[in-house]
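What follows is one structure encoded as C-alpha cells, with my remarks underneath.
The values are calculated or read from the model by the stated rules, or taken from the named source; none is laboratory data. These numbers come from a predicted model, not from an experiment. Here the Cβ is made from the backbone with ideal geometry for all residues, glycine too, and neighbour counts use every protein chain on show. Note: areas computed on protein heavy atoms with side chains; ligands, DNA, RNA excluded. Shrake-Rupley method; radii C 1.70, N 1.55, O 1.52, S 1.80 Å.
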Amino acid sequence: SSEDVLRVHAIEYVEVIRAMEAELASGQTPASGFGFGTGDNPFFSRMYTASLAYTSGSARAAEAVRDGARLAFNIAGGLHHAHRTRASGFCVFNDAAVALAILRERFERVAYVDIDVHHGDGVQGLFLDDPTVLTCSIHEDPRTLFPGTGFLEETGSAFTSVNAPVPAGATGEAWLAAFDGIVMAALERYRPQALVLQMGTDAHELDPLAHLRVT
C-alpha cells in the first residue's frame with residue numbers, strides 16, 4: 001500500500017508516480033522529473049503498481065521478523081538506489097529502507113548490510129544521521145562505478161554509516177578482507193538486534209557492468 005512507501009518517501013513523490021501510471025495508461029507521455037524519463041529510470045506500464053508489489057514483499061518480510069520470525073526473504077527486493085524524492089538506478093521505491101523503518105517499530109538498533117557491487121546510496125541517505133540504524137555497504141570503488149558515492153569518509157553525524165569501497169579488479173580474497181575488516185567489525189561493535197540484508201550478486205567476475213573478480 002502507499003502507507004508502506006510513505007514510511008521513507010515524500011508524499012509528493014509517491015503521488016507523482018501514481019499520476020505517471022495513470023497518464024501512461026491513457027496513452028500520454030508523462031513529463032520528466034523526480035529522476036524519471038531519462039537514463040536508468042524510464043517510464044513503464046504499471047510502474048506504480050509494480051513498484052508497490054516488490055516493496056510489499058520486503059514490508060511483509062520485515063513485519064514477520066518484527067512479530068517474531070527469525071528469518072524472512074523477498075526475492076524481488078533490494079532496490080537500494082531510490083531516494084526520498086527521486087528515482088535512481090532502476091529503483092522507484094526503496095524497499096530495503098521500508099523494511100528498516102518497520103523493524104524500528106520493535107528493535108532499538110537495526111543494521112543494513114549491502115553486498116551489491118554498487119553502493120547502497122539511497123538507504124544510506126535516508127538514514128545517514130540516524131543513530132538507531134547502522135548502514136554498511138561493500139562495493140566497487142565509487143571512482144569507477146555508479147553511483148559514485150560510498151567513500152570511507154561518508155559516516156554521517158552519528159557515525160553509523162560504514163562503507164567498504166573495493167578497488168576495481170579486486171579478487172574475492174580482497175573483498176573478504178574488506179568485508180571482515182570493515183563491515184563485520186562495525187556490526188560487532190554496533191550489536192544490532194535485527195538485520196536487513198541486500199544480497200546483490202553483481203560483484204561476481206562475470207557481471208558485465210562491474211569490474212571486480214569475485215568468484
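222 nm [θ] for the chain, helices only, -39500 (n - 2.57) per DSSP H run of 4+, per residue, to 500?
Calculated from helices alone, the mean residue ellipticity at 222 nm is -9000 deg cm²/dmol.
Anyone know which of 44, 127, 93 comes out most mobile in the 10 Å Cα GNM of the chain?
The residue with the greatest mean-square fluctuation here is 44.
Heavy-atom accessible area per residue, the stretch 82-174, 1.4 Å probe: how many Å²? Display every interim value, and only then the final one.
Details: 3410 Å² over 93 residues.
On a per-residue basis, 37 Å².
In sequence order, what are the phi-derived ³J(HN,Hα) couplings for the stretch 150-160 according to the Karplus relation 6.51 cos²θ - 1.76 cosθ + 1.60 with θ = phi - 60°, rounded to whole Hz, with x for glycine and proline?
Working through the residues one at a time gives x, 7, 4, 6, 7, 9, x, 5, 8, 6, 10 Hz.
Which one of 117, 93, 146 has its Cα pushed farthest toward the positive end of the charge dipole of the stretch 20-148, where Lys and Arg give +1 and Asp and Glu give -1 at the Cβ?
The residue sitting most towards the positive pole is 93.
Where in the chain is the longest stretch that carries no trypsin sites (Lys or Arg not before Pro) classed as loop by DSSP and with at most 16 other Cβ atoms within 10 Å?
No qualifying site falls inside 144-215, the longest such stretch.
Give me the three principal axis extents of the stretch 159-215 from the C-alpha atoms, as integers in angstrom, largest value leading.
Between the extreme Cα coordinates on each principal axis of the stretch 159-215 lie 35, 19, 18 Å.
Gap in Å between the Cα centre of the stretch 1-80 and the Cα centre of the stretch 114-172?
With the stretch 114-172 and the stretch 1-80 each reduced to a Cα centre, they are spaced 23 Å.
With a 1.4 Å probe and all protein chains left in place, how much of the accessible area of the stretch 45-153 comes from carbon and sulfur atoms, in whole percent? The partial results should precede the final answer.
Values: 2430 of 4450 Å².
Carbon plus sulfur share of accessible area: 55 percent.
Compute the convex hull volume of the Cα atoms of the stretch 121-215, divide it by the residue count, and report the result per residue in Å³ as a whole number. Provide the component values of the computation, followed by the final result.
On the way: hull volume 8.8 nm³, N = 95.
Looking at the stretch 121-215, the number lands at 93 Å³ per residue.
Quick one: dipole size for the stretch 39-182, taken about the Cα centre, charges +1 on Lys/Arg Cβ and -1 on Asp/Glu Cβ, in debye to the nearest 20.
Its charge dipole is roughly 540 debye.
Rg (Å, one decimal) plus Dmax (Å, integer) for the alpha carbons of the stretch 1-84?
Values for the stretch 1-84 (Cα only, Rg and Dmax): 14.3, 46 Å.
For the chain, modelled as a Gaussian network with Cα springs under 10 Å, which listed residue fluctuates most, 160, 171, 144?
Answer for the Gaussian network model of the chain: 144.
Residue 184: accessible area at probe 1.4 Å, nearest 10 Å²?
Residue 184 exposes around 60 Å² with every protein chain in place.
Can you give the Kirkwood hydrodynamic radius of the stretch 17-130 from its Cα pairs, in Å with one decimal?
So the Kirkwood estimate lands at 15.0 Å.
Taking only complete DSSP H runs, can you tell me which helices of the chain stretch 18 Å or more along their own long axis by Cα positions and average at least -0.5 on the Kyte-Doolittle scale? List each step's numbers first, then the result.
Working: long enough: 11-25 (21 Å, 0.58); 47-66 (28 Å, 0.07).
Span-like helices here: 11-25, 47-66.
Counting residues in the chain as N, plug N into 2.2 N^0.38 Å and put the Cα Rg over that result. Before the final figure, lay out the partial values.
On the way: Rg = 17.2 Å, N = 215, 2.2 N^0.38 = 16.9 Å.
It is 1.01.
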